[in-house]
Amino acid sequence: MSAGAELLLELKHRAVFSIDEAAAKLHSLSRDIWSCPELAYQETESHDRLVAFFSQEGGWKVDAHYKLETAFRATWGGGDSERADVVNVGFLCEYDALPGIGHACGHNLIAEVGAAAALGLKAVLENTQDKLPVRVQVSVLGTPAEEDGGGKIDLIREGAFQNMDVVFMAHPLQDDAPYLPHVAEHDVTIKYRGKASHASAYPWEGVNALDAAVLCYNNLSALRQQMKPDWRVHGIIKRGGEKPNIIPAYTELEYYLRAPSRAELSVLKAKADMCFRSAAVATGCQVEVEYARNAFDNILRNPTLEDLYENNGKTLGMEFTTDEEVLNNASGSTDFGNVSFVVPGIHPYFYIGSKALSHTAEYTVASGDDRAQFFTLRTAKALVMTALDVLLRPELLQRVKQEFTEATLKEDRRLTGEHTEQSAKH
């Protein structure tokens, strides 16, 4: 074994040990967040708890309310992060909950994984920075509002990821997996405005906004025959009128549009838009189509990081799923997808000792259960070991960045191609 390989192995062992040493306070952090579930952009207590955690650790420069009210940043090392020879390694924490059922997506564990991995890497680097081929900055970003709104997208817009070289986070699920496909998604609200009138005495004086909403709903249902199998359009009529004897003057629908890539999502949105607007034309209503401020992108894969993570996980006893249905058919969305378009990173999934389905009351219980702790800290260890791989072997970091560049260029070409095709059709 070469001296470099021996050093890498030694540092990985040291990182694992340091995370184990911090297990009690990491569990306490996770439990406190789990016990106080807060919705998107309202994660005040969870934010304050994480800020206090890093402030009390020592050595961290902590920026509370970083770019967003309930976001934060904690940094260590690196000296001047603008220097070209500094590698900025980021760990992301999520901590928002779901309405009604609390931490049914396990974001308390995501926060714990990010904090644990950051502590582990800092502990290793404090006395070995001079042995590394690069100078390192460790950054932790607290990213609110993943469940609703897309806090990471807000932070991208504010430049929070500008100086990062690689980012890591991990999400709890029912299996260990280095990657699961996530689709691009955009929320849209469609509002129809007509004219109220007595529905029995003089209905001809009215303009029926409910008819527009029903036509819109049916238009989208008819569109499904021409939709690709992996496109998704699902929605509800939120407002359908006031009373049966009044022609509805206002109706409102909310839809989620999903496709495997942001390029395909742009095509789906164009088709859906015709469904929205044709319903207004047919009924004489006015229509407002309001897309959410943030659209969620698909996740760009980074095979080198995925392979490193899986290899490190296996040394820790992880058994990664080989179920094709799990690996190929995931259809959720995350704002980490947008991050993957601006900086290379990974978003693996980890087993927490339960097969309960996420976004259920059973998963809320599982994410707060003591049994989840072993698996959560094991995941943090695999992340920090992967970070050490790319820090001690610069050729790997270069490969990671090259794969990122190739993936983004490929997606840009797809997006340009889809737009060109749509323009030619119209």
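Describe numerically, in nm with one decimal, the distance between label points set 7 Å from Cα along Cα→Cβ at Lys243 and at Thr408.
The two pseudo-label positions are separated by 5.9 nm.
For the stretch 211-359, what's the radius of gyration and Dmax over Cα atoms, in angstrom?
So, for the stretch 211-359, Rg and Dmax equal 20.6, 69 Å respectively.
Please list 368-381, 269-282 highest first by mean number of surrounding beta-carbon atoms within 10 Å per residue. List each step's numbers first, then the result.
Values: 368-381: 20.5, 269-282: 17.3.
Highest to lowest by the protection proxy: 368-381, 269-282.
Determine the dipole magnitude for the stretch 119-240: charges of +1 sit on the beta-carbon of Lys and Arg, -1 on that of Asp and Glu, nothing else is charged, the reference point is the Cα centre, and the result goes in debye to the nearest 20.
Values: 13 positive and 15 negative charges, 102 e Å.
The calculation lands at about 500 debye.
Compare the Cα positions of Pro229, Tyr256, Ala270 along the charge dipole of the stretch 217-278 (+1 at Cβ of Lys, Arg; -1 at Cβ of Asp, Glu; about the Cα centre) and return the one farthest towards the positive end.
Pro229
Once the Cβ-Cβ distance between Leu7 and Val289 is put in as r, and R0 is 41 Å, what FRET efficiency do you end up with, to the nearest 0.05? Could the numbers behind the result be given before it?
Working: r = 57 Å, r/R0 = 1.40.
With R0 = 41 Å, the Cβ-Cβ based efficiency is 0.10.
Can you give me the pair-distance distribution of the stretch 296-361, C-alpha pairs, 5 Å bins, whole percents?
It works out to 3, 13, 19, 25, 22, 14, 3, 0, in whole percents.
Based on DSSP, what percent of beta bridges with both residues in the chain are antiparallel, to the nearest 5?
On the way: 38 of 55 bridges.
Here the share of antiparallel DSSP bridges comes out near 70 percent.
Take the chain, compute every pairwise Cα distance, and split them into 10 Å bins from 0; I just need the percent in each bin.
5, 20, 28, 22, 13, 7, 3, 1, 0, 0
To one decimal place, what Kirkwood hydrodynamic radius in Å is obtained for the stretch 347-395 from all pairs of distinct Cα atoms? Don't skip to the answer; put the middle values down first.
Numbers: mean 1/r = 0.0811 Å⁻¹.
Averaging 1/r across every pair of different Cα atoms and inverting gives 12.3 Å.
Can you compute the charge dipole magnitude of the chain about its Cα centre, using +1 on each Lys and Arg Cβ and -1 on each Asp and Glu Cβ, nothing else charged? Give it in debye, rounded to the nearest 20. Let's see the in-between values first.
Working: 42 positive and 60 negative charges, 180 e Å.
Its charge dipole is roughly 860 debye.
Obtain the nm distance between the two label points defined at Gln226 and Trp204 by a simple spin-label model: each point lies 7 Å from its Cα along the Cα-to-C-beta direction.
Taking the two extended label points, one gets 3.5 nm.
Full extension from Arg31 to Glu395: what is 0.36 nm times the residue separation minus their Cα-Cα distance, to one decimal in nm?
Values: separation 364, 0.36 × 364 = 131.04 nm, distance 3.92 nm.
Result for the pair: 127.1 nm of gain on full extension.
Can you tell me the alpha carbon radius of gyration of the stretch 159-264 divided by the globular rule-of-thumb value 2.2 N^0.38 Å? Mind dumping the intermediate values first?
Working: Rg = 21.0 Å, N = 106, 2.2 N^0.38 = 12.9 Å.
In units of the globular-protein estimate, the stretch 159-264 measures up at 1.62.
Ignoring ligands, DNA and RNA, how do Glu158, Glu290 rank by accessible area with a 1.4 Å probe, largest first? Working shown, then result.
On the way: Glu158 100, Glu290 75 Å².
These residues rank, largest area first, as Glu158, Glu290.
Please name whichever of Ala387, Met318, Thr304 sits farthest to the positive end of the charge dipole of the chain, dipole taken about the Cα centre and charges placed at Cβ: Lys and Arg +1, Asp and Glu -1.
Looking along the dipole axis, the top candidate is Thr304.
For Arg239, list long-range residues whose amide hydrogen, built 1.01 Å from N in the peptide plane, is under 5 Å from its own amide hydrogen.
Here the answer is Glu252, since their amide H atoms fall under 5 Å of that of Arg239.
For the chain, what is the mean residue ellipticity at 222 nm derived from helices alone (per DSSP H run of n ≥ 4: -39500 (n - 2.57); sum divided by total residues; nearest 500 deg cm²/dmol)? Please list the in-between numbers first.
Values: 13 runs with 192 residues, N = 426.
Computed ellipticity for the chain at 222 nm equals -14500 deg cm²/dmol.
Report, in debye and to the nearest 20, how large the dipole of the stretch 210-326 comes out about its Cα centre when Lys and Arg carry +1 and Asp and Glu carry -1 on their Cβ.
Dipole size: approximately 540 debye.
Using the charge dipole of the stretch 1-148 (Lys, Arg: +1 at Cβ; Asp, Glu: -1 at Cβ; taken about the Cα centre), state which of Gln137, Thr70, Leu29 has its Cα farthest towards the positive end.
Gln137
Pairing the Cα long axis of helix 372-392 with the longest principal axis of the chain, what angle in degrees results, from 0 to 90 and rounded to the nearest 10?
Between the helix axis and the principal axis of the chain, the angle is about 70 degrees.
In whole Hz and in residue order, list the ³J(HN,Hα) couplings for the stretch 299-305 that follow from phi through the Karplus curve 6.51 cos²θ - 1.76 cosθ + 1.60, θ = phi - 60°; x for Gly and Pro.
With the stated coefficients, the stretch 299-305 comes to 8, 7, 6, 10, x, 4, 5 Hz.
Between the stretch 22-46 and the stretch 262-304, what is the C-alpha centre distance in whole Å?
Centre-to-centre distance over Cα atoms comes out at 35 Å.
Beta carbons within 10 angstrom, averaged per residue: use that to sort the peptides 140-148, 87-95, 355-363, 46-54, highest first.
Working: 140-148: 25.4, 87-95: 27.1, 355-363: 15.2, 46-54: 21.3.
By packing density, highest mean first, the sequence is 87-95, 140-148, 46-54, 355-363.
Ignoring ligands, DNA and RNA, what accessible area per residue does the chain give at 1.4 Å, in Å²? Show your work: numbers first, answer last.
Values: 18290 Å² over 426 residues.
Ligands and nucleic acids excluded, the result is 43 Å² per residue.
Whole-Hz Karplus ³J(HN,Hα) for the stretch 114-122, in order, using 6.51 cos²θ - 1.76 cosθ + 1.60 and θ = phi - 60°, x for Gly and Pro?
x, 5, 5, 5, 5, 4, x, 5, 4
Once label points are set 7 Å from the Cα along Cα→Cβ at both Gln162 and Glu362, what is their separation, rounded to one decimal in nm?
4.7 nm
Working out 0.36 nm times the residue gap between Asp369 and Asp130, then minus their Cα-Cα distance, what length gain in nm do you get to one decimal?
Working: separation 239, 0.36 × 239 = 86.04 nm, distance 4.04 nm.
Length difference between fully extended and current span is 82.0 nm.
Can you send over the carbon and sulfur percentage of the accessible area for the chain, probe radius 1.4 Å, protein chains only?
Working: 9180 of 18290 Å².
Whole-percent figure for carbon plus sulfur exposure: 50.
Just report the Cα centroid separation between the stretch 108-171 and the stretch 218-257, whole Å.
Spelled out, the Cα-based centre of one part sits 40 Å from the other.
The values are calculated or read from the model by the stated rules, or taken from the named source; none is laboratory data. As the structure is a computational prediction, the values presented were derived from the model and not from experiment. FYI the Cβ positions are ideal-geometry reconstructions off the backbone, even for glycines, and counts take in every protein chain you see. Quick note on the areas: whole protein, heavy atoms, side chains included, nothing else; ligands and nucleic acids left out. Shrake-Rupley method; radii C 1.70, N 1.55, O 1.52, S 1.80 Å.
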